[in-house]
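Below is one structure, written out as structure tokens; comments come after it.
A short reminder: the numbers here are calculations on the coordinates, not readings from a lab. From a predicted model like this one, the values you see are computed outputs, not experimental measurements.
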Amino acid sequence: MKTKADKISADDQSHGGRSAFSQNPHAVREPKENNLEMAIGHEVRAYRKKLGITVTDLAAATGISLGMLSKIENGNISPSLTTLQSLSRALGVPLTAFFRRYEEPRNAVFVKAGQGVELERRGTRAGHQYNVLGHIDNNSSGVIVEPYLITLTADSDVFPTFQHEGMEFLYMLEGEVMYRHGDQLYPMQPGDSLFFDADAPHGPEVLVKLPAKYLSIISYPQRGKTD
């Protein structure tokens, strides 16, 4: 009996042994510094040692004093751009290499159960409730993600059809609906999921069992990142 992991492995082999995913979500990256001066100092010392030169050698090559270099490598001082340019030339690395270990603060949004922000979307009507579970506007990924908890509690003769850029993922939690994507209908029950290109018309078409509740996660390019 083949497991889901076996199927994924077989799919990988059918693609020439390459994984269908380009990123390992469980990979651990090299730790980074939250202090900019410490991050720069670490990189200066690492590149100097990689070249096998002493602090004295680097001082002679850059014209920077031994005391100043010591303070830079120990993260005790914020070097000027001119100083960083001198170090960049002497060590043979781009200026941006000194910032490789610096980790800017990353945002997170925590929402307690039942405290999502209720909002109206186009087509919202009585008995159709949309709660946004979090939103981070500016982030380093270049992608905006909008997670919604959607609850349908009343039948309706007219169902809203949505069509927008990006991708959308649905995960059924409760009830049962017939969900349309393009010209296809999908019977969705608890535990079922649907992942699709949101540029095709989509939305719940038949409410089979109420109340119905599902997660909707929409992602699309962040403006300013891809323009």
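Pull out the extension gain between ILE217 and SER141, defined as 0.36 nm times the separation in residues minus the alpha carbon to alpha carbon distance; nm, one decimal. Show your work: numbers first, answer last.
On the way: separation 76, 0.36 × 76 = 27.36 nm, distance 1.60 nm.
Result for the pair: 25.8 nm of gain on full extension.
State the volume of the convex hull built on the alpha-carbon positions of the range 30-93, expressed per residue in Å³ and rounded to an integer. Present the calculation step by step, with values, prior to reporting the outcome.
Values: hull volume 5.0 nm³, N = 64.
Enclosed volume per residue, from the Cα hull, is 79 Å³.
If each residue of separation counts as 0.36 nm, what is the full-extension length gain between LEU210 and ASN35 once their alpha-carbon separation is subtracted? Numbers along the way, then the final one.
Working: separation 175, 0.36 × 175 = 63.00 nm, distance 5.26 nm.
In short, 57.7 nm is gained.
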